[in-house]
Amino acid sequence: MWKRLTLLWTVLRGDARQLWRALRHPASPGWLKLGTALIAMYLLSPVDLVPDVLPFIGVVDDLVLVPLAIRWLLRRLPPDIAQATARR
């Protein structure tokens, strides 16, 4: 599982950093915190849409769904928070 988390972190480095900065922003909305918690729970949960016991396909669903969910959350940020947390 740590290997999977490490791979996800390297793939999502930029988006994850922006999400982290958005979470720490004083004006961050509650839905952002809830959405981030749900993504973390999905990653750590043994229940997946496609079980990890299936070779290749079980991990690919995480590699596709998690980045899409993070990107979806970032696109819905209010413009002032998005600009303040953009890549520096």
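A few notes on this one:
- To put it simply, the accessible area of the chain at a 1.4 Å probe is 70 percent carbon and sulfur.
- In degrees, nearest ten, helix 57-75 long axis to first principal axis of the chain (Cα): 10 degrees
- Loop-resident sites, the range 27-88, for chymotrypsin sites (Phe, Trp or Tyr not before Pro), counting at most 16 other Cβ within 10 Å (DSSP): Phe56
- In Hz, Karplus ³J(HN,Hα) per residue of the range 33-45 (6.51, -1.76, 1.60; θ = phi - 60°; x = Gly, Pro): 5, 5, x, 5, 5, 5, 5, 4, 5, 5, 5, 8, 6
- Solvent exposure of the range 9-88 amounts to 67 Å² per residue of accessible area, where only protein heavy atoms count and the probe is 1.4 Å.
- Highest-MSF residue in the chain out of Leu54, Leu65, Leu12 [GNM, Cα springs under 10 Å]: Leu54
- By a 1.4 Å probe calculation restricted to protein chains, Ile70 has an accessible surface near 10 Å², given to the nearest 10.
- Over the chain: helical MRE at 222 nm, DSSP H runs n ≥ 4 each giving -39500 (n - 2.57), nearest 500: -22000 deg cm²/dmol
The values are calculated or read from the model by the stated rules, or taken from the named source; none is laboratory data. Small disclaimer: the values here were computed from a predicted structure and weren't measured. Here Cβ is always computed from backbone atoms with ideal geometry, including for glycine, and neighbour counts include all displayed protein chains. Just the protein is used for accessible areas: all its heavy atoms, side chains included, with ligands, DNA and RNA removed. Shrake-Rupley method; radii C 1.70, N 1.55, O 1.52, S 1.80 Å.
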